[in-house]
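To keep things clear, I will list the structure first and then write my remarks on it.
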Amino acid sequence: MIPQWQLRAAFAQRLSDMYGREVPAYTTLVEVSHEVNEDVLRQLGADAERFGSISRVTAERHGAIRLGTPRELHQAGRIFGALGMHPVGFYDLRSAASSAVPVVSTAFRPIEAEELARNPFRMFTSVLTTDDPRFFDADLRARLETFLSERRLFPPELLDLADVAERDRQLSEADAERFLDLAVRSFELSPEPIDRAWYEELEKVSAVAADIGGVRSTHVNHLTPRVLDIDELYRRMSDRGIRMIDAIQGPPRWDGPDVLLRQTSFRALSEPRMMRHPDGSVAPGALRVRFGEVEARGIALTPAGRSRYDALLEEIDERAAGRSAAERDEIARKVWEEGFPATERGLLDHDLAYFAFRQTGSAPLPPAARLTDLLGQGLISAEPITYEDFLPRSAAGIFQSNLSDEGTRDDGQSAAHYDAEWLAATLQRHVHDPFALYDQQQERSVRQLTWAAGSPTLET
Ligand code: OOG
Ligand code: NI
């Protein structure tokens, strides 16, 4: 029998192989990431593995897909459920983006530390908000919903196998093969001609809406390997003549601890797609929507740490308005140095980040001790808990940096309401709160410490 985590690892690998055939520059990105990771490992030794073993990091990917309807989202939930991936977080990119990005999203991912260590594959999954009148008027909405209701992204056999895999947490070898084959194929780019007039009508509203609702199938939008030095990767990709987006999203490079997530991507490439024209003729055309992204991960921040992070990004925006990119980098580093503790210990002392505590020796710990005292005495260590999620502002930046057109949004209309409850009801699954997951991981590590007697003081 093939256990769930092996299904997940195999799915991630096959999807990556498939995407590499479809978008060869992505293969270059994976190669360069591996080169950078080997170099960092050579330079830093064990420190390079502070945020995950090198085998985890080497295999690590996230993908992004975009769906059209609540029904498609529910079905995707079943497929990812089969792979031990659960919905975590609710992202409203409509408000995070300045251009027209009419989607809300979640990320499917493993949630237990052990499962993340085995294979952390995640899928950032967005669904079109067809009922948001700021983007779609009643007529366009009706035609869009009809179009979407007539398509089938996932064959029934795939969904049935997914339910078995989720229930049994494993599949027979034959079923696993069939499941993986059908699952990977449902995310392949379709050769079916695109109705050009329909695609262009949607594109006027939003390129994202066209990418989702202009075609009869779904596809990987991008895949993202993990890299240990994203600035170095950016340089090496540019040296190879691959045009990257202008910026690295997320916190600036600085000498303090790596926090959350830094991401960048290469520009979406023009891909040949067959187009059906209004006169019925079919001819080759091209679309520019798919790309490769890369990310570096750091420590997960507490709600207080996250508020600090959001406030600092805003401060950078204010202070860097109208400045050049180089000046902006300089300002960003300054703002960070002024506003963020320069060490992991500083993050811990101010309760800004999550840590897993481990005993350094085998002797039981003195009772009623404070964690900070034990740390000071070297009786325990604090290991950073890796951030496993996404950032709405960075996600919006990734969407936008690859849109050539702003699209249109009628802000005179009021937004359709979506929230985490809507997401949970649509998926018929619990949507996990990322902060709660990190908090549990930290608490579990404290509970696993062995105390000589009495109950520990949990405060730091
Ligand atoms: C998803 C964009 C978000 C990320 O890494 O933040 C994302 C998309 O473009 O469909 O993948
Ligand atoms: Ni991404």
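The values are calculated or read from the model by the stated rules, or taken from the named source; none is laboratory data. Keep in mind the model is a prediction, meaning the values are calculated, not measured. FYI the Cβ positions are ideal-geometry reconstructions off the backbone, even for glycines, and counts take in every protein chain you see. For accessibility, only protein heavy atoms count, side chains too; no ligands or nucleic acids. Shrake-Rupley method; radii C 1.70, N 1.55, O 1.52, S 1.80 Å.
Things worth noting here:
- Restricting VAL30, VAL101, VAL40 to those that are among the aliphatic types (A, V, I, L, M), in contact with a helix residue (DSSP H, G or I) (Cβ under 8 Å, 6 or more places away or on another chain) and modelled with pLDDT under 95 reduces the list to VAL101.
- The residue pairs whose first member lies in region 205-216 and is within 17 Å of ARG94 (Cα to Cα), whose second member is within 16 Å of ligand 2 (Cβ to nearest atom) and not hydrophobic (A, V, I, L, M, F, W, C), and whose beta carbons are closer than 7 Å, counting only pairs six or more residues apart or on different chains, are VAL208/ARG66; ASP211/ARG66; ILE212/ARG66.
- Residue within region 381-396 that is surrounded by 13 or more Cβ atoms within 10 Å (Cβ to Cβ), more than 10 Å from ligand 1 (Cβ to nearest atom) and part of a helix (DSSP H, G or I) present: no
- Residue check for ARG78: out of contact with any Pro (no Cβ under 6 Å at 6 or more places or on another chain), of a type in the set (Lys, Arg), more than 12 Å from ligand 1 (Cβ to nearest atom) and open to solvent by 10 Å² or more (accessible area, probe 1.4 Å): yes
- Residue in region 400-410 that is more than 16 Å from ligand 1 (Cβ to nearest atom), buried (at least 18 other Cβ atoms within 10 Å of the Cβ) and either within 32 Å of the chain's Cα centre (by Cα) or assigned to a helix (DSSP H, G or I) (or both) present: yes
- Selection within region 224-268 - among the small types (Gly, Ala, Ser) and more than 16 Å from ligand 2 (Cβ to nearest atom): SER238, GLY241, GLY256
- Tally, over region 200-215, of residues that are out of contact with any strand residue (DSSP E or B) (no Cβ under 8 Å at 6 or more places or on another chain) and part of a helix (DSSP H, G or I): 7
- Scanning region 184-225 for residues that are farther than 21 Å from VAL103 by Cα and crowded, with 23+ Cβ neighbours inside 10 Å turns up just one, PRO225.
- Scanning region 128-139 for residues that are under 30 Å from the mean Cα position of the chain (by Cα) and of a type in the set (A, V, I, L, M, F, W, C), we see that the one that is surrounded by the fewest Cβ atoms within 10 Å (Cβ to Cβ) is PHE136.
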